[in-house]
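Read the figures in this text as sums done on the coordinates, not as results from a lab. Just so you know, these numbers come straight off a predicted model, no measurement behind them. All Cβ positions, even for glycine, are placed from backbone atoms using ideal geometry, and neighbour counts span all protein chains on display.
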Amino acid sequence: MKPTGPAPAKRNLKTPVVAVPYWLLEFALVRYAVVCCVGSLSISAAAVFASNWYLVGASDARLQAQQARDAAYTRYAQVENEKNEIRSFQPQFIVLRDKGLIGEERRLDWVDAIRQVQEQRKLLPLSYEFEPQQPVRPVAHLSLSDYTMRGSHMSLHMDLLHEGDLFNFLQDLQQHAYFSVQDCTLRRASSAANVPNSPTLSADCDLNWLTLAPADTHLMTKRRKGK
């Protein structure tokens, strides 16, 4: 049997309504614009960063280019100065080289020059002796650049008819080479008087034959001798 009695009362089950801000309801209308704005800001920030990075790199490259240009200009100026110096000093350099001052010593040429002057001046017999070449330190300050001065000492003995023979001999010899007269002593000869072509004087001189050679050349020569 079905129970009888009054029916139970029904409950009100309505969900409470929450108020939503109007801008949130309308966000769907502007969300595309917001996304575009955020994307534009991101791209702009990336572009600013990239531009700044490129500017810094360009500034560094510009500075390096200026430094390279300045260095190239300095080298160019040095080359031009060296070319001008070569043009100015080349003729004199050639004269000094041909005369035997620049380069290795030319002892055989010196011996030949002594013989030629003696024969041309018809001088009395003479004798001389060379010593090994040694470095020479100039008395006055003299810039030799990459060259070093060296001297070969020679002891000279001459019998003379008169003192002019000695002066003429040294003067003619200077046309063939460079040397300095360090000391010269004249003495009367003890030969018999009134004898034709007999010496009346004798001279003993110390000469230093000079050469200029690159410093590296003498260093290599010294090393070879050391071996």
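Structure notes:
- 3J(HN,Hα) couplings calculated from phi for the stretch 58-64 with the Karplus curve 6.51 cos²θ - 1.76 cosθ + 1.60 (θ = phi - 60°) are, in sequence order, 5, 5, 4, 5, 5, 5, 5 Hz; Gly and Pro show x.
- From most to least packed by mean Cβ count within 10 Å, the peptides 76-85, 171-180 give 171-180, 76-85.
- Phi-based couplings in Hz for the stretch 156-161 (Karplus 6.51, -1.76, 1.60; Gly and Pro marked x): 10, 10, 10, 9, 10, 6
- Long-range HN-HN contacts of Ala189 with modeled amide H, under 5 Å: Leu201, Ser202
- The value for the stretch 22-93 of Rg(Cα) / (2.2 N^0.38 Å) is 2.73.
- Packing order of peptides 109-120, 200-211, 155-166, highest average first: 200-211, 155-166, 109-120 (average count of other Cβ atoms within 10 Å over each peptide's residues).
- For the stretch 66-71, backbone phi angles converted through the Karplus equation (6.51, -1.76, 1.60; θ = phi - 60°) give residue-by-residue couplings of 5, 5, 5, 5, 5, 5 Hz, Gly and Pro being listed as x.
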